[in-house]
Amino acid sequence: MKIMAICGNGLGSSFMVEMNIKKVLKKLNITAEVAHADLSSAIPSEADLFVMAKDIAASANIPDNQLVVITNLVDIKELETKLTAYFENK
């Protein structure tokens, strides 16, 4: 499985979210390749799951079943809750 953290420019905030995704996956004992990129790289065929902020999610052409939308980029608890729900529904 490949997960991509997405932000507008693909730099700081997406890298921070990538690091938090890795922490959450380790806690959940889930193995996945995790990367970060800019919004223009958010193409459904590039990853199995995309994690991005609510403000850019509407601009992405990602199907809902491949998308986790977070409201607070630094809230690891929100990320954990949403990733847990995603993997429970898989």
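The values are calculated or read from the model by the stated rules, or taken from the named source; none is laboratory data. Everything quoted here is computed from the prediction, not taken from an experiment. All Cβ positions, glycine included, derive from the backbone under ideal geometry; neighbour counts span all protein chains shown.
Here are some notes:
- Taken over region 1-45, the criterion of being modelled with pLDDT under 95 and charged (D, E, K, R) is satisfied by Asp38 alone.
- Checking each residue in region 69-90 for being within 13 Å of Cys7 (Cα to Cα) and crowded, with 16+ Cβ neighbours inside 10 Å picks out Val69, Ile70, Leu73.
- Taken residue by residue, region 34-54 has at least one member that is in contact with a Ser or Thr (Cβ under 9 Å, 6 or more places away or on another chain) and exposed (fewer than 14 other Cβ atoms within 10 Å of the Cβ).
- Meets criteria (in contact (Cβ under 8 Å) with a residue 40 or more places away in the chain and not aliphatic (A, V, I, L, M)) for Lys77: no
- Under the condition of being under 17 Å from Thr71 (Cα atoms) and touching a residue at least 12 places away in the same chain (Cβ under 8 Å), the residues counted in region 11-44 number 10.
- Filter pass, Ala47 being more than 17 Å from Gly10 (Cα to Cα) and of a type in the set (A, V, I, L, M, F, W, C): no
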